[in-house]
Amino acid sequence: MNGIHDLGGMHGLGPIDREENEPVFHAPWEGRAFGLFAATFVFAGYTVDEFRHEIEKMGHAEYLEHSYYEHWLVAFEEVLNKRGFVTHEERLARIAQLEQGAH
Amino acid sequence: MATHRKETDPAIRVKALESLLTEKGLIDPKALDALVDTFEHKVGPRNGAKVVAKAWVDPAYKARLLSDGTAAIKELGYSGLQGEDMVVLENTDEVHNVVVCTLCSCYPWPTLGLPPVWYKSAPYRARVVSDPRGVLAEFGVSVPETTEVRVWDTTAELRYLVLPKRPAGTDGLSESQLADLVTRDSMIGVGVVAAP
């Protein structure tokens, strides 16, 4: 699939920023998102190709503006909805609940 | 329907998924804890460094590593997710190899752990294929004009590990002392191993 993810050779994306003593995860939620990758494969039975395809379908601006694990989140949300394990409706309801609890 | 993903804190989005999947009995949060712990503390570039050091001291192992990377790496106990098909690229005076994944961020987890942010970033993925010597210079690596630079674009199935050059003056070092010298960046090809 041709899209924004096909970055090889593209100009104008700015400098390569490196971080000394970089942690494996930059926030606890990144670790949880990482863990979901292996855990959801087990029951949902999707493939890495399908996972990546969901990321490649992201809008170009959204793709560039969001981090690696945010890309993963999009893939989880889409695959789990498509297969009926967690629908967008119940997920958004839970998000609303959690946001209310946080305030 | 709107997925609200632009407006929502990613930490809340993860929590929503994790809590729903846990309530449905589809995942065990303890299994997630174990995965996070493994990749934070147990799997990382020290694994790859042991592979490199063994190849430097054991010519027969090096030959196996270059002909069947997956099997030779498995001899040291490193295999599995995102390391199912490994190819090892030897850096020499003639050739300097560099690894990227332009389409995604594919990386050999069993030997190097999870990739650093710069490896996953758009600027590295875009530029290392069109201006590899410029990128290497930014990483402090100067490759002589007489050395060919080869950039390897990782696929979803196949992962590369660079076997860096052994630094001069290390004849007296043990295998584990040599492993201590090997950096993550040298095994991606954006670094060289310095003598102690």
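The values are calculated or read from the model by the stated rules, or taken from the named source; none is laboratory data. Source: prediction; values computed, not measured. Here the Cβ is made from the backbone with ideal geometry for all residues, glycine too, and neighbour counts use every protein chain on show.
Inside segment B:124-147, residues that are of a type in the set (A, V, I, L, M), more than 21 Å from A:E19 (Cα to Cα) and more than 10 Å from chain A (Cβ to nearest Cβ) make up a count of 1. With respect to (1) surrounded by 14 or more Cβ atoms within 10 Å (Cβ to Cβ); (2) farther than 18 Å from B:A11 by Cα; (3) not aromatic (F, W, Y), the lone exception for A:H88 is condition (2). Scanning segment B:83-108 for residues that are within 14 Å of chain A (Cβ to nearest Cβ) and either of a type in the set (V, I, T) or crowded, with 16+ Cβ neighbours inside 10 Å (or both) yields B:G83, B:V98, B:V99, B:V100, B:C101, B:T102, B:L103, B:C104, B:S105, B:C106, B:Y107. Flag: A:V86 does not match the condition of being in a helix (DSSP H, G or I) and either more than 18 Å from B:E7 (Cβ to Cβ) or more than 7 Å from chain B (Cβ to nearest Cβ) (or both). In the set (1) part of a helix (DSSP H, G or I); (2) modelled with pLDDT of 95 or more; (3) surrounded by fewer than 21 Cβ atoms within 10 Å (Cβ to Cβ); (4) among the aliphatic types (A, V, I, L, M), B:A31 fails one condition alone, (2). If you go through segment B:144-157 and keep only what is among the β-branched types (V, I, T), under 19 Å from B:V88 (Cβ atoms) and either without any contact (Cβ under 8 Å) to a residue 24 or more places away in the chain or part of a loop (DSSP other than H, G, I, E, B) (or both), you end up with B:T147, B:T154, B:T155. Taking residues in segment B:175-196 that are closer than 19 Å to B:V87 by Cα, and partners anywhere that are aromatic (F, W, Y) and in a helix (DSSP H, G or I), the pairs with Cβ atoms closer than 8 Å and at least 6 places apart or on different chains are B:I188/B:Y119.
Identify, please: which residue in segment A:45-56 is loosely packed, with under 15 Cβ neighbours inside 10 Å and more than 8 Å from every other protein chain (Cβ to nearest Cβ) and is, among those, farthest from B:E18 (Cα to Cα)? Among residues in segment A:45-56 that are loosely packed, with under 15 Cβ neighbours inside 10 Å and more than 8 Å from every other protein chain (Cβ to nearest Cβ), the one farthest from B:E18 (Cα to Cα) is A:T47. Taking residues in segment A:57-86 that are over 18 Å from B:L20 (Cβ atoms), and partners anywhere that are among the β-branched types (V, I, T), the pairs with Cβ atoms closer than 7 Å and at least 6 places apart or on different chains are A:M58/A:V74; A:H60/A:I4; A:Y63/A:I4; A:L64/A:I4; A:H71/A:I55.
Based on this model, can you work out whether B:Y61 counts as more than 14 Å from chain A (Cβ to nearest Cβ), in contact with a Lys or Arg (Cβ under 9 Å, 6 or more places away or on another chain) and assigned to a helix (DSSP H, G or I)? Walk me through how you get there before you give the answer.
Values: more than 14 Å from chain A (Cβ to nearest Cβ): yes; in contact with a Lys or Arg (Cβ under 9 Å, 6 or more places away or on another chain): yes; assigned to a helix (DSSP H, G or I): yes.
Yes, satisfied.
For segment B:109-151, filtered to residues that are basic (K, R) and in contact with a helix residue (DSSP H, G or I) (Cβ under 7 Å, 6 or more places away or on another chain), the residue that is surrounded by the most Cβ atoms within 10 Å (Cβ to Cβ) is B:R127.
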